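The values are calculated or read from the model by the stated rules, or taken from the named source; none is laboratory data. Everything numeric here is computed off the predicted structure, so don't read it as measured data. Note: ideal-geometry Cβ built from the backbone for every residue, glycine included; neighbour counts use all protein chains shown. These area figures cover heavy atoms from the full protein model, side chains too; ligands, DNA and RNA do not enter into them. Shrake-Rupley method; radii C 1.70, N 1.55, O 1.52, S 1.80 Å.
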Amino acid sequence: MRLDVVTIFPEYLEPLNVSLVGKARARGRLDVHVHDLRRWTYDRHHTVDDTPYGGGPGMVMKTEPWGEALDEVTAAGYEAGAHGPVLVVPTPSGRPFTQEVAVELSRRPWLVFTPARYEGIDRRVTDEYATRMPVYEVSIGDYVLAGGEAAVLVITEAVARLLPGVLGNAESHRDDSFAPGAMANLLEGPVYTKPPVWRGHGIPDVLLSGHHGKIARWRRDEALRRTARHRPDLIERCDPAAFDKKDRETLSNLGWAPEPGGRFWRRPDDVEE
Ligand code: 6GU
């Protein structure tokens with residue numbers, strides 16, 4: 001997979017050299033190119049932004065540097081043999097970046113990122129490139145960052161670990177909390193390793209029982225408990241067919257009940273814990 005990132009802070013992308021993404025690069029699974037947007041400015045101050053039409057606070061990133069940068073970066077990629085580019089535009093007004101989007105992006109051969117600072121990029125830039133390639137405008141969560149660079153790191157890590165031969169173990173992401181179809185999209189419960197007692201804290205006996213069925217059931221109940229507490233929306237969104245008899249019993253013990261229609265489970269407000 002080829003990645004191009006155009007940014008006014010190339011040094012912000014340094015973490016792409018370490019850890020999992022760095023290893024993916026070293027193994028030749030990822031070919032990363034970071035470009036300084038200011039290379040495509042020609043005034044003394046290397047201006048990349050200007051005041052917004054219609055007034056208002058903040059600055060907007062100008063069309064020309066982005067246009068020239070993206071033309072040159074895509075041309076260089078094609079010349080190097082890349083094909084099928086996708087433009088990934090990190091923005092708080094994008095659609096939510098989910099595991100599903102990560103899986104989709106991991107199947108593309110070439111991602112071009114345009115992290116913006118200020119109030120974002122002049123709309124005409126995305127409109128222009130949307131005539132040439134798919135455009136993904138994505139947000140990594142309901143909060144506002146000063147720029148899209150951190151989002152590029154997040155997206156790249158989520159995508160890189162899905163590339164064949166990067167994680168080492170193909171099983172490793174099958175039961176990711178948000179993998180499509182995973183454990184009915186439950187959060188994962190707690191995990192433990194040696195020593196068996198640490199500062200007086202033991203581990204649940206069942207994990208030492210050697211009884212695989214009981215262990216699997218315990219893990220499932222812990223996942224249900226954790227999801228019900230931290231992400232009740234995931235429980236409500238679940239197809240009830242994804243819950244077996246014991247799941248229903250566990251949810252009921254946690255204060256959840258099936259709706260009359262049977263389609264959704266909802267936690268009554270008056271239940272503790
Ligand atoms: Cl992708 N960019 C910025 N600037 N803020 C964000 C975001 C992206 N996702 C959530 N907040």
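Counting other Cβ atoms within 10 Å of each Cβ, which GluC sites (Glu not before Pro) in the range 79-182 have at most 15 and sit in a DSSP loop?
Filter output for the range 79-182: Glu119.
Quick check on packing: order 217-224, 111-118, 188-195 by the mean number of other C-beta atoms within 10 Å, highest mean leading.
111-118, 217-224, 188-195
Between Arg217 and His33, what FRET efficiency follows from the Cβ-Cβ distance if R0 is 51 Å, with the result rounded to 0.05?
On the way: r = 48 Å, r/R0 = 0.95.
Efficiency for this residue pair is about 0.60.
With +1 assigned to the C-beta of every Lys and Arg and -1 to the C-beta of every Asp and Glu, and no other charges, what is the dipole magnitude of the chain about the Cα centre in debye, to the nearest 20?
1120
What relative contact order, as a whole-number percentage, does the chain give when Cα pairs under 8 Å and 6 or more residues apart are counted?
Relative contact order comes out at 16 percent.
In nm, to one decimal, how far is the modelled label at Ser209 from the one at Asp50, with both set 7 Å along Cα→Cβ?
7.0
Apply the a/c threshold of 1.5 to the C-alpha gyration tensor of the range 84-142 and tell me whether it is rounded, prolate or oblate. The partial results should precede the final answer.
Numbers: a/c = 2.18, a/b = 1.12, b/c = 1.95.
Oblate, because a/c is 1.5 or more while a/b does not exceed b/c.
Roughly how many Å² is the accessible area per residue of the chain, as a whole number, for a 1.4 Å probe?
57
Put a dot 7 Å past each Cα toward the Cβ at Ala146 and His230; how far apart are the dots in nm?
That separation, rounded to one decimal, is 2.8 nm.
Give a residue-ordered list of calculated ³J(HN,Hα) values for the range 128-133 (Karplus: 6.51 cos²θ - 1.76 cosθ + 1.60, θ = phi - 60°; whole Hz; x for Gly, Pro).
Karplus-based 3J(HN,Hα) across the range 128-133 equals 4, 6, 5, 7, 10, 7 Hz.
Would you work out what percent of the accessible area of the chain, with all protein chains in place, is carbon or sulfur (probe 1.4 Å)? Intermediate values should be presented prior to the final figure.
Numbers: 8200 of 15680 Å².
C and S fraction of accessible area: 52 percent.
In deg cm²/dmol and to the nearest 500, what is the mean residue ellipticity at 222 nm of the chain if only DSSP H runs of at least 4 residues count, each as -39500 (n - 2.57), divided by the residue total?
Working: 8 runs with 87 residues, N = 273.
Value at 222 nm, helices only, nearest 500: -9500 deg cm²/dmol.
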